[in-house]
Amino acid sequence: MTTENWFDDLLTIGELPPQDAAAKLREVGEDELADALETAQYKVTADSTKFGILEDLRLRPQPWLHPHIFGYSAPELNNAELSIQSASDINADHTLQNTPIQIILKQMYVEAYPGGGTHQILFNFEATHQLNDHVESLNFTTTQRVREKSVANINQPIFTALNVSVQGAAFRCAAVNVKNEEDERILKRLESPLFQPGLTLFTMIANPAIALFSELGIALISSLANHYKNYTAQKFEMGFDFSNDSTRARLAEGYYVAIQIPEDMQLVWDWDQWVYNPTNGQIVSQSDPTEVIPYNYLVFSVSRYKEK
């Protein structure tokens, strides 16, 4: 795996060949799922998708197999619950063109990952940064512990003073669940103050140290993802865009939600049925606040950078 194609080569369990997926599931104690996967009769058709494991297994849906969709909530004062709409339906804030922004990982909710329990998750975030005469891709790596069925309030700065071009900014995220005990000890180093402030980009001049930091993060996640018991749990890419492209998220200040839902629900998904509470990170039913959304999700905030 090279740094050029690391994201595409970092396969989630749902993207692995069935035999490899079954082996990875056995490593984390999911023997029942692995048995079903090995005995299933796989159909190879022209319209097969990488998420076809669910259909072939005929099991209850597994949240970690779903693709992502993206929602957006506008920040409001004195409002505990915010409405959510598709991030591709909002109006872009064109005043953010050629302007530095800050991206913060606010919360994460894990409905279910293979292996269960508390998960040590290694994140790698990639974004495009507008320099004087070109756009540069930057990566930031961090780690968090997240317990299933509960929201982790993270508030981790990811990119500070990330400069947005007139077209917008690309944003990608990969999350590797680390179950290998030796690897968990390695990740404790990422909990040091060195890694907590996020990647701060105060200058428009290319910084070799930042480029090296990005390469080290890619190398770490690429290596650990293939170790015993470790697996890529989630990955997605989205555009922070100023165009009218309906397939890309528009850029504005506020909260962005990346949520895994079943592929066959995406066309009929109704964001109006759910609300987001930025204080506790919960996404709950509009009609019943005790009903938490039953899918894995991450929440990011985007704001205009203000130098202190």
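The values are calculated or read from the model by the stated rules, or taken from the named source; none is laboratory data. These numbers were taken from a predicted model, which means no experiment stands behind them. Cβ placement follows ideal geometry from the backbone for every residue including glycine, while neighbour counts extend to all protein chains displayed.
Structure data summary
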quantity	calculated
Residues within the range 74-132 that are of a type outside the set (Val, Ile, Thr) and within 27 Å of residue 232 (Cβ to Cβ), tallied	25
Meets criteria (surrounded by 13 or more Cβ atoms within 10 Å (Cβ to Cβ), modelled with pLDDT of 75 or more and not β-branched (Val, Ile, Thr)) for residue 29	yes
Residue that is farthest from residue 124 (Cα to Cα) [pool: residues in the range 264-285 that are part of a loop (DSSP other than H, G, I, E, B) and in contact (Cβ under 8 Å) with a residue 24 or more places away in the chain]	269
Some residue of the range 212-219 being among the charged types (D, E, K, R), within 22 Å of residue 90 (Cα to Cα) and modelled with pLDDT under 95	no
Matching residues in the range 250-263 - criterion: being outside any loop (DSSP other than H, G, I, E, B) and within 16 Å of the chain's Cα centre (by Cα)	255, 256, 257, 258, 259, 260
Residue count, the range 148-168 (criterion: small (Gly, Ala, Ser) and closer than 10 Å to residue 108 by Cα)	2
Failed item, numbered, when residue 239 is tested on (1) at pLDDT 95 or above; (2) buried (at least 19 other Cβ atoms within 10 Å of the Cβ)	(1)
Lone unmet requirement of (1) at pLDDT below 95; (2) of a type outside the set (S, T, N, Q); (3) assigned to a loop (DSSP other than H, G, I, E, B) for residue 295	(1)
Top-ranked residue in the range 108-130 [being farther than 22 Å from residue 294 by Cβ and in contact with an Asp or Glu (Cβ under 9 Å, 6 or more places away or on another chain); ranked as surrounded by the most Cβ atoms within 10 Å (Cβ to Cβ)]	122
Long-range neighbours under 8 Å by Cβ, at least six apart or interchain, first residue assigned to a strand (DSSP E or B) within the range 11-22, second modelled with pLDDT of 90 or more	12/64; 12/231; 12/232; 12/233; 12/234; 12/235
Residues that are more than 21 Å from residue 103 (Cα to Cα) and outside any strand (DSSP E or B), drawn from the range 232-246	244, 245, 246
Matching residues, the range 93-114, being hydrophobic (A, V, I, L, M, F, W, C) and within 30 Å of residue 132 (Cβ to Cβ)	96, 101, 103, 104, 105
Strands (runs of 3 or more DSSP E) lying entirely in the range 134-179 (those with 3 or more residues that are surrounded by fewer than 17 Cβ atoms within 10 Å (Cβ to Cβ) and either more than 17 Å from the chain's Cα centre (by Cα) or among the basic types (Lys, Arg) (or both))	135-147
